[in-house]
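Only one structure is covered here, and it is reproduced in the block below.
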Amino acid sequence: MRMRPTLSWTPDGDLPPGTTDLEPVADALGTGGVLVLSGAGISTESGIPDYRGEGGSLSRHTPMTYQDFVAGAQARRRYWARSHLGWRTFGRALPNAGHRAVAAFGRQGLLSGVITQNVDGLHQAAGSEDVVELHGALDRVVCLSCGARSPRRELARRLEEANPGFEPVAAGINPDGDADLTDDQVAGFRVVPCTVCGGILKPDVVFFGETVPPQRVEHCRELVRAASSLLVLGSSLTVMSGLRFVRQAAQAGKPVLIVNRDPTRGDRHALARVSLPLGTALTAVADRLGIAVDRQAAPRP
């Protein structure tokens, strides 16, 4: 499946309105077998902005595409300079109430799985297990030549050593961990190669324009087939890689429920879209079901 660089989506006028009624979500979770599909909106309360919501980063930032990244050294220098700075903030983000509620639902055996479109690792940090990272994870790095993978913290150390005194002030941080820097701020930044073969290093994430591994897509399809219902959390579903699972669930007659403040591209397939902040909504559902949610985030490893 190829991630197309779809950067915007305009709702049409015949989408069903949002609601504040949490009963359908509570009923689905109470029944069990719920598959969660999460997007950038679940991480905004952790200080990571989303792409398309109010104040979303697409108003000022165009995400790196795979084609741009592999095309030339200048694009890679710009990406790694910005990403290196962004990682300092991104890597310190902690799970919020929404992540912790999803983890609590999982511990109670109410979920059949979690698929996330996010690359921040916050579901796992909150305690969720067997999370499918549809678009990869920023805490890993892969070599495009030999395929060797290594921890992001190791690359961060090497980039620090190669760029002493690199301390620019960023205008903002984006959902992909990319900091907003000017061309002048990234000029002269030194990119380091793979320690195994000297090849080009890339974050182990799916860039826009890149293909999601087919086996990962099929695994997600299997999770949809096995689920009783699909609960979408904080995703506009603009990108087809997530929307197709909503369509699959709806075509199979499985209830689709969406918790997202703004209209989504999947609303017409949903039983309901709850227009509430995710942390507030999921904590309220947990309280309704008598499920304890950790009230404080544990430090990230």
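The values are calculated or read from the model by the stated rules, or taken from the named source; none is laboratory data. Treat the numbers as computed from the prediction; the structure is a model and nothing was measured. Ideal geometry is used to build each Cβ from the backbone, glycine not excepted, and the neighbour counts take in all protein chains shown. The protein model used for the area step is the full one, side chains on, heavy atoms only, and it has no ligands, DNA or RNA in it. Shrake-Rupley method; radii C 1.70, N 1.55, O 1.52, S 1.80 Å.
Once the Cβ-Cβ distance between ALA26 and ARG221 is put in as r, and R0 is 25 Å, what FRET efficiency do you end up with, to the nearest 0.05?
0.40
How much of the accessible area of the chain, in percent, comes from carbon and sulfur atoms when a 1.4 Å probe is used?
Here carbon and sulfur together make up 48 percent of the probe-accessible area.
Can you tell me the alpha carbon radius of gyration of the chain divided by the globular rule-of-thumb value 2.2 N^0.38 Å?
Expressed relative to 2.2 N^0.38 Å, the Cα Rg reads 1.00.
Can you give the local net charge around CYS143? Use residues other than it whose beta-carbon is closer than 14 angstrom to its beta-carbon, Lys and Arg +1, Asp and Glu -1. Could you put the intermediate results ahead of the total?
On the way: positive: ARG76, ARG140, ARG149, ARG152, ARG158, LYS202; negative: GLU154, ASP204.
Taking every Cβ under 14 Å from that of CYS143, the sum is +4.
If each DSSP helix of 4+ residues adds -39,500 (n - 2.57) and the sum is divided by the residues in the chain, what number results at 222 nm, nearest 500 deg cm²/dmol?
The helix-only estimate for the chain comes to -10000 deg cm²/dmol at 222 nm.
For the chain, just give the cysteines left without a disulfide-compatible partner, judged by no other Cys Cβ under 4.7 Å.
CYS220
Which of the three applies to the range 175-218, rounded, prolate or oblate, going by the alpha-carbon gyration tensor with a ≥ b ≥ c and a/c under 1.5 meaning rounded?
Oblate shape, in that a/c is at least 1.5 and b/c is the bigger or equal ratio.
To test your reading of the geometry: what angle, between 0 and 90 degrees and rounded to tens, separates the Cα axis of helix 278-288 from the longest principal axis of the chain?
It works out to around 40 degrees.
What is the spin-label model distance, in nm, from GLN74 to CYS146 if the labels are put 7 Å beyond Cα along the C-beta direction?
Placing both labels 7 Å along Cα→Cβ, they lie 3.0 nm apart.
Excluding ligands, DNA and RNA, what is the solvent-accessible area per residue of the chain at a probe of 1.4 Å, expressed in Å²?
45
Want the number for GLU154 to THR195: 0.36 nm per residue separation, take away the alpha-carbon distance, what's left? Provide the component values of the computation, followed by the final result.
Working: separation 41, 0.36 × 41 = 14.76 nm, distance 1.07 nm.
Full extension of this stretch gives 13.7 nm more.
If I model a spin label at ASP183 and GLU161 as a point 7 Å from the Cα along the Cα→Cβ vector, what separation in nanometres do I get?
3.2
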